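Structure, as C-alpha cells:
What follows draws every value from the coordinates through simple rules; no lab data is involved. None of these values were measured; they are calculated from a predicted model. Don't worry about glycine lacking a Cβ; one is built from the backbone with ideal geometry, like all the others, and counts go over all protein chains shown.
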C-alpha cells in the first residue's frame, strides 16, 4: 500500500473537519462502497460518497475527530472513532467503529461503519481506543 493506515485516517479526519466531500471521496477507489447504515444500500463510487458527505456534514461545525489504535489484518482494518461536533446548533458526541478494506494503492475500497450518537460533548472512557 502506498498510503499508510494512519495517513488515510488523518486524511479522513481532515476531510470531516473541513467538511470537504471531494477530499473524502478521493480517499476511496472509484468503485468503493460506503456502508453508513447496516440496513441501507451502500453509497457507491466517488459521486455517491461525495453526495453522502455533502449532505451529512452540511449542518456540522466545531468538529473534533480522534481514533483508537487500528487493528490491521492484511488489507483489512478495524478502528474505533470518537467525534464531537455541533450539528444544527446542538452539541453531539458520535462514537463508532470503521471496518475498512484497502486496495493496493492505499485507498479504501470498502467502508462499513457502526455508530451511536449522544447529546453534549462527551469524553470517551479511560479504556476507549486501546
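Packing-wise, with mean Cβ within 10 Å as the measure, how do 122-129, 80-87 rank, highest first?
Ranked by mean Cβ neighbours within 10 Å, highest first: 80-87, 122-129.
Report, for segment 5-119, the % of DSSP beta bridges that are antiparallel, rounded to 5.
That works out to approximately 90 percent antiparallel.
Relative contact order (percent) for segment 5-119, with alpha-carbon contacts under 8 angstrom and 6 or more residues of separation?
Averaging sequence separation for qualifying contacts and normalising by length gives 24 percent for segment 5-119.
Rounded to whole Å and sorted largest first, list the principal axis extents of the Cα atoms in segment 5-119.
Per principal axis, max minus min of the Cα coordinates gives 40, 30, 28 Å.
Comparing 30, 14, 41, which has the greatest mean-square fluctuation in the GNM of the chain with Cα pairs linked when under 10 Å apart?
Comparing 30, 14, 41 in the GNM, the peak value goes to 41.
Go ahead and estimate [θ] at 222 nm for the chain from helices alone: -39,500 (n - 2.57) per DSSP H run with n ≥ 4, summed, over the residue count, rounded to 500.
That comes out to -7500 deg cm²/dmol.
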